[in-house]
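Below: one structure, written as structure tokens.
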Amino acid sequence: MAGKPKVVIVVACRNEKIETQSEASSGGQESRDGGQKTKKERENFNIDDMLILQSCFDGRKSIRDANYGSPFIRELVKTLCKHSSHRDLVTLFDIVQERVKNVTKKLAEKHSHMTQQVPVVTKTPTGLRKVLLFPKYKVCPDAE
């Protein structure tokens, strides 16, 4: 996957620590060929060209409503439909981040049990590279 952009979108609460089994008891991670990854393979994992969008910071909850779903997913889908044909993913993820902050701020003002949610964008593109999802293709014509 060297030289290829890798996009990861994570929607999960990050407010509690999850205990994991030690590497010795779990047997390590499996590699693509079904064998075990060596320590050297895990240390040499290439993080170039990574674009990660997480729904919230460490120590925070990801808001979800039983009727309306997640504001994070709603804003992500709206943004992708409206702008994916003419903007790169880094810009789209920045737009999503701002929209979720604004929407959840309003929700937090109305409901005392909620707090503002701020998505996290992590980017490691190489060489000022832009990742386009659907260049020159109108994805959702009604969204504009």
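Rule-based calculations on the coordinates, nothing more; no lab input. Computed from a prediction, not measured in an experiment: that's the story for all the values here.
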ask   = Which pairs, out of Lys4/Lys101; Lys6/Lys82; Lys4/Lys61; Lys6/Lys105, put more than 26 Å between their alpha-carbon atoms?
value = Lys4/Lys101; Lys4/Lys61; Lys6/Lys105
ask   = Rounded, prolate or oblate: which fits segment 68-139, taking a ≥ b ≥ c as square roots of the Cα gyration tensor eigenvalues, rounded meaning a/c under 1.5, else prolate when a/b beats b/c?
value = oblate
